[in-house]
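Reviewing the structure listed below.
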Ligand SMILES: [Zn+2]
C-alpha cells in the first residue's frame, strides 16, 4: 500500500482518531437496515474528551423508514471488531511513520463524530493556508 502511495503526489494525510474503547462500543451497539442501507445507534458514548451523540435515539428495533427489523452486522462481534482495530492500528502505524517522515500529516481527533466536519474543513483550510504561505515566502 505505501509503495503505491509513495508514487502518488499528495499534500498531506489526515489521521482521524478516536479511542479504541469508544470505537468498540460504537460498533457493538450499532444496528443496520439492509434494505435501506442505513445505520442506527441509539446510544451515546463518552470517553475521555470524546462525546458521540446517538443517531435516531428513538429507534430501538425496527427501521423508521421501512419498518424492517434492524440487525447487527455479522462482523460487529467483539472479537471481529478487536481484530479489525488491530489490523487498522498496524496499518495506521505504518502510514503514520510514512507521513511523519514526509512531514505531511494532520492528526485530527473526532471528538463529536460528524459534528466535527466543519472543524475538519477549517483545519484543512488552515493547513493549505500555511502551505501557500510557506511557498510564497521562498
Ligand atoms: Zn429500512
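Descriptive notes on the structure:
- Cβ crowding within 10 Å ranks 117, 22 as 117, 22, fewest other Cβ atoms first.
- Compared with the dominant principal axis of the Cα atoms in the chain, helix 117-136 is inclined by about 10°.
- Packing-based exposure ordering (other Cβ within 10 Å, fewest first) of 81, 114: 114, 81
- Model label points for residue 80 and residue 119, set 7 angstrom from Cα along the Cα-to-Cβ axis, are 3.1 nm apart.
- Value of [θ]222 nm, deg cm²/dmol, for the chain, DSSP H segments ≥ 4, -39500 (n - 2.57) each, nearest 500: -14000 deg cm²/dmol
- Restricting attention to the chain, close to 65% of DSSP beta bridges with both partner residues there are antiparallel.
- Value of relative contact order over the chain, rounded to a whole percent, pairs C-alpha under 8 Å and six or more apart: 30 percent
- In terms of packing, defined here as the mean over residues of other Cβ atoms within 10 angstrom, the peptides 10-18, 35-43 line up highest first as 35-43, 10-18.
- GNM result for the chain, Cα springs below 10 Å: residue of 65, 124, 46 fluctuating most strongly: 65
- With Cα atoms, 0 to 90° folded angle of helix 78-102 axis to the chain main axis: 10 degrees
- Legend: Rg and Dmax of the stretch 2-136, from Cα coordinates, 18.3, 58 Å.
FYI, it's all coordinate maths here, none of it is from the lab. Quantities reported herein were computed from a predicted structural model and do not represent experimental measurements. Here Cβ is always computed from backbone atoms with ideal geometry, including for glycine, and neighbour counts include all displayed protein chains.
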